[in-house]
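For reference, the structure is listed below as structure tokens.
Every read-out reported here was derived from the displayed coordinates using simple, explicitly stated rules and does not represent laboratory data. Predicted model only: the values in this text are computed from it and were never measured. Every residue, glycine among them, receives a Cβ derived from its backbone with ideal geometry; neighbour counts consider all protein chains shown.
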Amino acid sequence: MSPHLVDIRLTVNGEPVNERVEARKTLVDFLRDDLGLTGSHIGCEHGVCGACTVRVDGVVVRGCLMLAAQCDGARVETIEGVSDTGEIADLQEAFEKRNALQCGYCTPGMLLTAQELLARGGVPDRSAIREHLAGNYCRCTGYHAIVDAVESVAETRSKG
Amino acid sequence: MKPPAFAYAKARALDHAIELLGVDGARLLAGGQSLIATLNMRLSSPSLLVDINGIGGLEGIALRDGRLEIGALVRHVQAERSAEIARHAPLIARAMPHIGHAAIRNRGTLGGSIAFADPAAELPACLVALGGEVEIAGPEGRRTVAADDFFKDLFETALGPRDVLTAIRVPAATADTRVGFAELARRHGDYAMVGLAAAARADGKAPKDPRLVYFGVGTTPVRARKAEAALAGGSLDQAVAALAQDLAPQDDVQATAAVKTHLAGVLLRRVAQQLEAA
């Protein structure tokens, strides 16, 4: 086998996946092109915009700054999987209710990044929310509605 | 853009990594948060990436003989939450929230940041300010290089093509250690326009032996030696004025040289306050 090709075994949204990938293929390209999971978006391709955010082994990462070849043995979760399990249903509802998205391009990354903060528990203050989301660009909303949505979910969850 | 073609190999152990790095054009892959961005932009085109993420024993944080040793594969998020770093290397703890964004900190490694040596990065400046050192494994065995001798030029360090940075070490903080850190960036988590990492010893009025290390103003972390002397002499105003001689920043996309020099003074006033606080 050419050293430019790598065999990987991983799980994606709970499903086992075995594929042969080009070493140079980024994780987000692998998810989109090889697996058809197009919920993870591609923006800047150098780690600035956050549109490609996915979870690897439980933590959010830039899908454009990891190679698919590095994901051998990993547990990868995308917006599709996290939506299907209902883990962020309340957050998605809050985004919709508060107009925290317009074009939606940044939304999968925003949701996954926000969920990482919310999963720590408690009610983070607005500056902590802003800081945690600082790596995710949104060019539509001006961010206020996104912070509102995340804050409201934190409050609801902490009461629950 | 997409990266150019390259081969990929996962190193099983340190020796294996050093062996693989013998391939012409091979490069070491740690957290990848800088390297993969440069690949995507085709600013670098290695023949082989040697992935060291699977190598055990490089992710420890331990106090040894008055020095805190931090393994090369310690990720930023781990350092951010480390009680040992908060206690024994408070300057690094203070810098950590400024480094990249949450998703970047989940992957990026301390060793990678030092080895990549971006002149606008926080950790190289912290390492110099603390008078730390770098542990390196290479074909000839292991060696230690002082931070002062490690950063050579733009993205150039004491690391040879087959060397692996395995750990950094900094003197553990004592009761009289004082540190300060501040940076200015257009967006929280982005590379700094100008930043300052500082360490000193408390000694009555003026901080003793201050080390003021700027980043984002040169090709490497830059010590502001005249400002250090003025600060040790008790004059903050003179220290700020001395920065015009200490620093020679270039205009870049973020700010002109004049703006950077001005901002360096603003940061020095902020950091001087931190150095005074116990």
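What are the ³J(HN,Hα) couplings of the stretch B:267-273, residue after residue, when phi is run through the Karplus curve with 6.51, -1.76, 1.60 and θ = phi - 60°? Round to Hz, x for glycine and proline.
5, 4, 5, 5, 5, 4, 5
For the stretch B:177-276, calculate the relative contact order in percent as a whole number, restricting contacts to Cα pairs under 8 Å that are 6 or more residues apart. Display every interim value, and only then the final one.
Details: 199 pairs, mean separation 28.5, N = 100.
The normalised contact order for the stretch B:177-276 reaches 29 percent.
Report, by chain and number, residues whose modeled amide H sits under 5 Å from the one on A:R24, excluding near sequence neighbours (fewer than 5 apart, same chain).
Amide H neighbours of A:R24: B:F6.
Please identify, among A:R20, A:R98, A:R32, the residue showing maximal mean-square fluctuation in a Gaussian network model of chain A using a 10 angstrom Cα cutoff.
Top of the fluctuation ranking is A:R20.
What Kirkwood Rh does the stretch A:51-94 have if only Cα atoms enter the pairwise 1/r average? Answer in Å.
Numbers: mean 1/r = 0.0884 Å⁻¹.
Evaluated on the stretch A:51-94, it is 11.3 Å.
Across the stretch B:61-171, what fraction of all alpha-carbon pairs, as a whole percent, falls in each successive 5 Å bin from zero upward?
2, 13, 25, 27, 19, 10, 3, 0
Can you work out ³J(HN,Hα) from phi for every residue in the stretch B:181-193, in order, using Karplus 6.51 cos²θ - 1.76 cosθ + 1.60 and θ = phi - 60°, giving whole Hz and x for Gly and Pro?
For the stretch B:181-193, the Karplus-derived couplings read 8, 7, 8, 10, 9, 5, 10, 3, x, 6, 4, 6, 6 Hz, x marking Gly and Pro.
Where a ≥ b ≥ c are the square roots of the eigenvalues of the C-alpha gyration tensor, would you call the stretch A:5-82 rounded, which needs a/c under 1.5, or, failing that, prolate if a/b is larger than b/c, or oblate? Mind dumping the intermediate values first?
Numbers: a/c = 1.60, a/b = 1.21, b/c = 1.32.
In terms of gyration-tensor shape, oblate.
Counting only helical runs of four or more DSSP H residues, what would the 222 nm mean residue ellipticity of the protein assembly as shown come to if each run contributes -39,500 (n - 2.57) and the total is spread over all its residues? Let's see the in-between values first.
On the way: 17 runs with 145 residues, N = 438.
So the helix-based figure for the protein assembly as shown works out to -9000 deg cm²/dmol.
Report the local net charge at A:R62: Lys and Arg +1, Asp and Glu -1, summed over other residues whose C-beta lies under 12 Å from its C-beta.
Values: positive: A:R55, B:R105, B:R107; negative: A:E45.
Charge balance near A:R62 sits at +2.
When the C-alpha atoms of the protein assembly as shown are aligned to their principal axes, what extent does each axis show, in angstrom, from largest down?
64, 55, 41
Give me the percent relative contact order of chain B, please, defined on Cα pairs under 8 angstrom at least 6 residues apart. Provide the component values of the computation, followed by the final result.
Values: 635 pairs, mean separation 43.0, N = 278.
Dividing the mean separation by the residue count of chain B yields 15 percent.
Taking the Cα atoms only, what angle lies between the long axis of helix A:144-159 and the longest principal axis of chain A, rounded to 10 degrees?
So the inclination is approximately 80 degrees.
Could you go through the stretch A:113-130 in sequence order and give the Karplus-derived ³J(HN,Hα) for each residue, using 6.51 cos²θ - 1.76 cosθ + 1.60 with θ = phi - 60°, rounded to whole Hz, and x for Gly and Pro?
5, 5, 4, 4, 5, 5, 5, 6, x, x, 10, x, 6, 4, 6, 5, 5, 4
If you average the alpha carbon positions of the stretch A:34-104 and of the stretch B:71-102, how far apart do those two centres end up, in angstrom?
25 Å
If eta is 0.890 mPa s and T is 25 °C, what Stokes-Einstein diffusion coefficient results for the stretch B:177-276, Kirkwood Rh from Cα pairs, in µm²/s? Intermediate results must be reported in sequence, preceding the final value.
On the way: Rh = 13.3 Å.
Estimated diffusion coefficient is 185 µm²/s.
For Cα pairs less than 8 Å apart in space and 6+ apart in sequence, what is the mean separation divided by the residue count of chain A, i.e. the relative contact order in percent? Display every interim value, and only then the final one.
Working: 279 pairs, mean separation 36.2, N = 160.
Averaging sequence separation for qualifying contacts and normalising by length gives 23 percent for chain A.
To the nearest 10 degrees, how steeply does helix B:236-246 sit against the main Cα axis of chain B, on a 0 to 90 scale?
50 degrees
Considering amide H positions built from the backbone, and no H for Pro or chain starts, which residues 5 or more places from B:L68, or on another chain, come under 5 Å of its amide H?
Residues meeting the amide H criterion: B:V170, B:A172.
Calculate, in nm to one decimal, what B:R81 and B:A248 gain on full extension: separation in residues at 0.36 nm each, minus their alpha carbon distance. Please list the in-between numbers first.
Details: separation 167, 0.36 × 167 = 60.12 nm, distance 3.55 nm.
That works out to 56.6 nm of additional length.
Cβ under 9 Å from A:E151's Cβ, A:E151 left aside: what net charge do those residues give with Lys, Arg +1 and Asp, Glu -1?
Details: positive: A:R126; negative: A:D125, A:D148, A:E155.
Here the charged neighbours net out to -2.
Can you list residues from other chains, or at least 5 along the same chain, whose modelled amide H is less than 5 Å from the amide H of B:G108?
Close amide H contacts, sequence-distant or interchain: B:H76.
Only Cα pairs within less than 10 Å get springs; with that Gaussian network setup on chain A, which residue of A:L35, A:L111, A:L67 has the largest fluctuation?
Comparing A:L35, A:L111, A:L67 in the GNM, the peak value goes to A:L35.
Can you sort B:I61, B:I55 by how many other beta carbons sit within 10 Å, fewest first?
Details: B:I61 19, B:I55 22.
The order, fewest Cβ neighbours first, is B:I61, B:I55.
Name the GluC sites (Glu not before Pro) in the stretch B:67-155 that are in a loop by DSSP and that have at most 12 other C-beta atoms within 10 Å, would you? Provide the component values of the computation, followed by the final result.
Working: sites: B:E69, B:E80, B:E84, B:E122, B:E133, B:E135, B:E140; in loops: B:E140.
Answer in residue order: B:E140.
Starting from the 7 Å offset along Cα-to-Cβ, what nm value, one decimal, do you get for the label separation of B:D176 and B:E19?
Spacing of the two 7 Å Cα→Cβ label points: 5.1 nm.
At a 10 Å Cβ-Cβ cut-off, how would you order A:L27, B:L29, B:L196, fewest neighbours first? Each step should come with its number before you reach the end.
Numbers: A:L27 28, B:L29 25, B:L196 31.
In increasing order of surrounding Cβ atoms, one gets B:L29, A:L27, B:L196.
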